[in-house]
Amino acid sequence: MWSRRCTVLIALWGCGPTGAAETGAAGPSQPSMTPTPEKKAAPPRDPQLVRSDVVREVVATLDRRKREIGTACWNDVVAPDRPARVPLMLNFSFSATGQMTASGVAESREGQDSAVTRCVQQQVASLTVSPPGMIVMQIEVPFVLP
């Protein structure tokens with residue numbers, strides 16, 4: 001029963017019910033006819049939870065880098081009429097891969113120093129976060145120097 005069909009297919013897959021030709025020689029294995037289970041995609045995360053995770057990560061990163069930013073932007077920048085403190089509002093947007101796509105720095109009326117503001121903006125220009133898996137737009141984080 002198998003011999004006629006096997007002569008054509010023997011070089012490709014082998015034949016017979018076990019995948020071997022009738023001669024007993026083992027041929028290459030036949031492709032599996034059993035469907036492979038598909039990986040289920042992770043359920044979508046709540047955008048508000050993702051946003052709050054990104055905010056927490058940005059705040060933690062800025063806290064770790066505050067001394068470095070303070071040295072570069074407060075101690076090393078000479079300004080004769082500098083206010084006692086410069087409160088800023090940092091604004092960021094991130095791609096789904098965690099790369100910053102936009103940033104901004106807003107000065108408070110309480111204390112303004114354009115040299116400090118420019119320096120802080122340069123210091124945070126390379127900020128990244130863990131990939132959130134979705135675009136996160138316009139998060140705002142307060143930051144005060146010194």
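The values are calculated or read from the model by the stated rules, or taken from the named source; none is laboratory data. Here the structure is a predicted model, which means the values were calculated and not measured. Heads up, the Cβs are rebuilt from the backbone with ideal geometry, glycines too, and the neighbour counts pull from every protein chain shown.
Identify, by number, the condition in (1) in contact with a strand residue (DSSP E or B) (Cβ under 7 Å, 6 or more places away or on another chain); (2) surrounded by 13 or more Cβ atoms within 10 Å (Cβ to Cβ); (3) farther than 23 Å from V54 by Cα that F94 doesn't meet.
Single failed check for F94: (3).
What are the pairs with Cβ atoms under 6 angstrom where one residue, in the stretch 73-99, is in a loop (DSSP other than H, G, I, E, B) and the other, located anywhere, is of a type in the set (S, T, N, Q)? Sequence gap at least six, or different chains.
That search, which allows pairs on different chains as well, returns S95/T101; G98/T128; G98/S130.
Of the residues V58, V116, which is modelled with pLDDT of 95 or more and part of a helix (DSSP H, G or I)? Working first, answer last.
On the way: V116 fails: modelled with pLDDT of 95 or more.
Of V58, V116, the one residue that is modelled with pLDDT of 95 or more and part of a helix (DSSP H, G or I) is V58.
Kindly check whether there is at least one residue in the stretch 94-109 that is of a type in the set (F, W, Y) and within 23 Å of the chain's Cα centre (by Cα). So that I can check it myself, show each step before the final result.
Restricting attention to the stretch 94-109, the residues satisfying the condition of being of a type in the set (F, W, Y) are 94.
Narrowing the set further to residues that are within 23 Å of the chain's Cα centre (by Cα) leaves 94.
Checked the stretch 94-109: at least one residue is of a type in the set (F, W, Y) and within 23 Å of the chain's Cα centre (by Cα).
Considering only residues that are hydroxyl-bearing (S, T, Y) and in contact (Cβ under 8 Å) with a residue 12 or more places away in the chain, look in the stretch 102-134 and name the one that is surrounded by the most Cβ atoms within 10 Å (Cβ to Cβ).
Ranking the qualifying residues of the stretch 102-134, first place goes to T117.
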